[in-house]
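Data first, discussion second: the structure below is written as structure tokens.
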Amino acid sequence: ACGDLNRNVMAPPAPFKHKPEYVLARQYADNIADLLRPQTEAYYEIWLEDEKAVTVEEHPDVVAARQRNGNGTIFHEGEEPIYGTHYMPRKFKVAVTVPGDNSIDVYTQDVTLVVITDEAGELQGFNILAGGGMGRTHNKEETFARVADEIGYVDKEDVYDVMKAIVATQRDYGDRFNRRHARMKYLLNDWGVDQFRRQVEGYLGKPLQPYKSLPDWQFEDYLGWHEQGDGKWFVGVNVDNGRIYDNGTLKLKTACKEIVQRFRVPMRITANQSIVFYEISPEDKSAIQEILTRCGIIEPAEIEPLVRYAMACPALPTCGLAITESERVIPSILERLRSLLNKLGLQNEHFVVRMTGCPNGCARPYMAELGFVGSAPESYQIWLGGSPNQTRLARPFMERLKVDDLETGLEPLFVCFRDQRRASESFGDFCDRAGFEALQKFSDSYDPATYKARKKDQRHRIGIYGDTYALLKEAADREGRPMSQITADAIQAYVAQTTQAQ
Ligand code: HEM
Ligand code: SF4
């Protein structure tokens, strides 16, 4: 949906029933979507005919909160208590997640709420982050991607009022003169967190509490089979770049259609462009797996990890704003990256690659470890230094890399990474630590002729007992990484630790 209003509210796609925080995240995401839904029926009148197929009943707390005037958060006249006659300065995006689950790119949203429960799983309140956003414009320094700030915490009773207070702050103080400067991230940037928080508190009518400490964020994609916790199952199916179609032996469209038609199970779309089928009875599990196997859908651990963690936006030919290709070329780019990594002895490495056809950033490339942002025909700006769990903004390293120069442009960076990385350090973390100046210097003096390939066959065999092997297999399935890589990382980390201790 378009418009200068709340566009969407995301939540982790996992339908866990035995983890109250997941149930709460979904419930509050739905309720906040209702709260911030425009009251006008114009869209339905123009586009939809006949009787309504679905009517959604709003939670009474939402209905009450929409009308409650918290210090100027609503307008009394007119149809739209929250949006008034002028709506917001620009689009607005929200997510609700649970501590540690970064399946929804926490830092890229205008507002992210994090469900906080007590030990018994009872909802206490929400941590609030605000001011994230990706879209920028090339050669306009005043536009930039930004990660959200930690704003504070509210008790559960205040969650709708605080959402209204944040919306009112952006509605009343966001830039309505310059559309390129209109997202809430610029307000946060120009004001700073303290002023922003004071304004939100003014609309809320009370101070926000301090942000609660949280565990580290983990990227989750929920591919493969998982128990829901109520006896049923869900299965996450990888969709390369969000395109569901039958292509050669991979019959993804057929599989989706057959699963839904035969088993009538609901679906969720993940923030990493994949799909989750849920509410699967144990007795249907093997029949659904049979469909997936027959249609060529491979196990998550068998998916090339560069592909599994990559995303691309639609770009050409669908998107009128595209400067370059994205969705249609990323498979070949990832293949070339894999060949290059293999050639350099980095066959066990993978990292998060994201690509867009223009700087608007729909596939969130500014959070990737290696981001491609279309900058001129057949050329991409290269962004480096994001983290594997999307907690750090990448930075632009190269203004224009021609697609044809992919290997020459990236080889020095990968060799530098290979030779100078710390144990277990990912490519994005390495680029961030080493610094762009050092990377540039290395690239400038890099001579491919003097580069020595590491022999792939310098492998040695060691034996491990069955129980350790089982643990290793479990870790590989969980992390979606090859066992050899996990073993190598663990040994390197152990050696680094024991060397330090000496
Ligand atoms: C194909 C036509 C599309 C157009 C014309 C379009 C347009 C835009 C524009 C103009 C922005 C920048 C917003 C800003 O900086 O204020 C943006 C950002 C974004 N879009 Fe799209 N988009 C398209 C498709 C999609 C699709 C299919 C998705 C995903 C379902 C998507 C998700 C996003 C996300 C996540 C952002 C970055 C976050 C942000 O800054 O808002 N877009 N898009
Ligand atoms: S990032 Fe991609 S989909 Fe989004 S506006 Fe640019 S080209 Fe279009």
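The values are calculated or read from the model by the stated rules, or taken from the named source; none is laboratory data. Everything quoted here is computed from the prediction, not taken from an experiment. We place every Cβ from the backbone using ideal geometry, glycine too, and count neighbours over all the protein chains shown. Calculation scope for accessible area: heavy atoms of the full protein, side chains included, ligands and nucleic acids excluded. Shrake-Rupley method; radii C 1.70, N 1.55, O 1.52, S 1.80 Å.
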Lys pairs, the stretch 6-204 - Cα-Cα below 26 angstrom, 8 or more residues apart or on other chains
16
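With a/c under 1.5 counting as rounded, go ahead and sort the stretch 28-79 into rounded, prolate or oblate using the C-alpha gyration tensor (a ≥ b ≥ c being the square roots of the eigenvalues; past the cut-off, prolate if a/b is larger than b/c, else oblate).
oblate
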Which value, to two decimals, describes the C-alpha radius of gyration of the stretch 98-230 once divided by 2.2 N^0.38 Å?
1.17
Alpha-carbon Rg with Dmax, taken over the stretch 306-445, Å
13.9, 44
Cut-off 11 Å, label 7 Å out along Cα→Cβ of V193, residues of the stretch 152-175 by amide N
152-153
Is it possible to state the helix-based mean residue ellipticity at 222 nm for the chain, with each DSSP H run of 4+ residues giving -39500 (n - 2.57), the sum divided by total residues, to the nearest 500 deg cm²/dmol? What is it?
-10500 deg cm²/dmol
Under 5 Å, built H, 5+ apart or other chain: amide partners of I151
I128, L129, A130
Dipole magnitude (debye, nearest 20) for the chain, charges at Cβ of Lys, Arg, Asp, Glu:
1300 debye
Need one number: convex hull volume per residue for the stretch 224-303, Cα atoms only, in Å³.
89 Å³
1.4 Å probe accessible area per residue over the chain, in Å²:
50 Å²
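What FRET efficiency comes out for V63 versus T450 if R0 is 51 angstrom and r is the Cβ-Cβ distance? Round to the nearest 0.05.
0.15
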Using a 1.4 Å probe on the protein heavy atoms, what percent of the accessible area of the chain belongs to carbon and sulfur?
51 percent
Considering the options G70, L340, I166, tell which one lies farthest towards the positive end of the dipole of the chain, charges being +1 on Lys and Arg and -1 on Asp and Glu at the Cβ, about the Cα centre.
L340
D (Stokes-Einstein, µm²/s), Kirkwood Cα radius, the chain, 1.306 mPa s at 10 °C:
64 µm²/s
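Averaging over all projection directions, find the projected area of the Cα convex hull of the stretch 206-357 and quote it in nm² with one decimal place.
Here the figure is 14.2 nm², rounded to one decimal.
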Note, ³J(HN,Hα) from phi for the stretch 110-123, Karplus 6.51, -1.76, 1.60, rounded to Hz, x at Gly and Pro
4, 9, 10, 9, 10, 5, 10, 10, 8, 5, 7, x, 7, 5
Scan the stretch 225-271 for chymotrypsin sites (Phe, Trp or Tyr not before Pro) in coil per DSSP, keeping those whose Cβ has at most 16 other Cβ atoms within 10 Å, and list them by number.
Y245
Accessible area of H226, 1.4 Å probe, to the nearest 10 Å²?
50 Å²
Once the mean of 1/r over all distinct C-alpha pairs in the stretch 1-117 is inverted, the Kirkwood radius in Å reads 15.8 Å
If each residue of separation counts as 0.36 nm, what is the full-extension length gain between T408 and N8 once their alpha-carbon separation is subtracted?
140.0 nm
Tensor-based shape of the stretch 140-180 (alpha-carbon gyration tensor, a/c under 1.5 rounded, otherwise prolate or oblate):
oblate
For D101, list long-range residues whose amide hydrogen, built 1.01 Å from N in the peptide plane, is under 5 Å from its own amide hydrogen.
Q218
